[in-house]
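Participant: First the structure, which I've put down as structure tokens, then a few questions once you've had a look.
The values are calculated or read from the model by the stated rules, or taken from the named source; none is laboratory data. Since this is a predicted model, take the numbers as computed values, not measurements. No Cβ is skipped: glycine too gets one built from the backbone with ideal geometry, and neighbour counts run over all protein chains shown. Note: areas computed on protein heavy atoms with side chains; ligands, DNA, RNA excluded. Shrake-Rupley method; radii C 1.70, N 1.55, O 1.52, S 1.80 Å.
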Amino acid sequence: QVQLVESGGGLVQAGGSLKLSCAASGRTFSSYAMGWFRQAPGKEREFVAAISSSSINTYYANSVKGRFTISRDNAKNTVYLQMNSLKPEDTAVYYCAARRSGSPYSSASYDFWGQGTQVTVSS
């Protein structure tokens, strides 16, 4: 069992930056690959970024590539999402999630989810 708690969301102007954190409980964090997803009002949850358990592999949605960076610190049981050059269309609730296997891009692959943190980008 892994419990995930996101933080770092807020209101920011377009062009600004935010860094999201996701703290995980348990001693098995380093064995899980991690991902970030987001869901805007009236839209489906969508993939944002993912990172392998050892940080060797990272994956990004085309819409955030070059602007967002995912990283993790296994010693701190934490995964991060650095978001730069934010746009109004990045406004959503952001969720972190943990998976053992499966596609990093599919929400169905993820076993545990956080409660989400709101990111609002004003124009």
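Participant: Hey, any idea what % of the chain's accessible area is carbon plus sulfur with a 1.4 Å probe?
Facilitator: The C+S portion of the solvent-accessible surface of the chain is 46 percent.
Participant: Which length gain, in nm to one decimal place, applies between residue 71 and residue 40 when the Cα-Cα distance is subtracted from 0.36 nm times their residue separation?
Facilitator: Here the segment from residue 71 to residue 40 would lengthen by 8.9 nm.
Participant: Dividing the Cα convex hull volume of the chain by residue count, how many Å³ per residue is that?
Facilitator: 91 Å³
Participant: May I pose another question? Residue 43: which aspartates and glutamates have alpha carbons under 14 Å from its alpha carbon, excluding same-chain residues fewer than 8 sequence positions away?
Facilitator: 89, 90
Participant: Could you grab the relative contact order for the chain? Cα pairs under 8 Å, six or more apart, rounded to a whole percent.
Facilitator: 35 percent
Participant: Could you please put 20, 11 in sequence from largest to smallest accessible area, using a 1.4 Å probe?
Facilitator: Greatest to least solvent exposure: 11, 20.
Participant: For 87, 43, write out the residues from largest to smallest accessible area, computed with a 1.4 angstrom probe and no ligands counted.
Facilitator: 43, 87
Participant: Where the only charges are on Cβ atoms (+1 Lys, Arg; -1 Asp, Glu), what is the dipole of region 9-123 about its Cα centre, to the nearest 20 debye?
Facilitator: So the dipole magnitude of region 9-123 works out to roughly 180 debye.
Participant: Let me ask something else about it. What does the accessible area of residue 67 come to, in Å² to the nearest 10, when a probe of 1.4 Å is used?
Facilitator: 30 Å²
Participant: Something else now. At most 12 other Cβ atoms within 10 Å and a DSSP loop assignment: could you name the GluC sites (Glu not before Pro) in region 1-106 that fit?
Facilitator: For GluC sites (Glu not before Pro) across region 1-106 that sit outside H, G, I, E and B with at most 12 neighbouring Cβ atoms in 10 Å, the list reads 44.
Participant: Under a plain spin-label model, where a point goes 7 Å from the Cα along Cα-to-Cβ, how far apart in nm are residue 58 and residue 85?
Facilitator: It works out to 1.4 nm between the two label points.
Participant: Averaged per residue, what accessible surface does region 35-85 expose to a 1.4 Å probe, in Å²?
Facilitator: It amounts to 50 Å² per residue over region 35-85.
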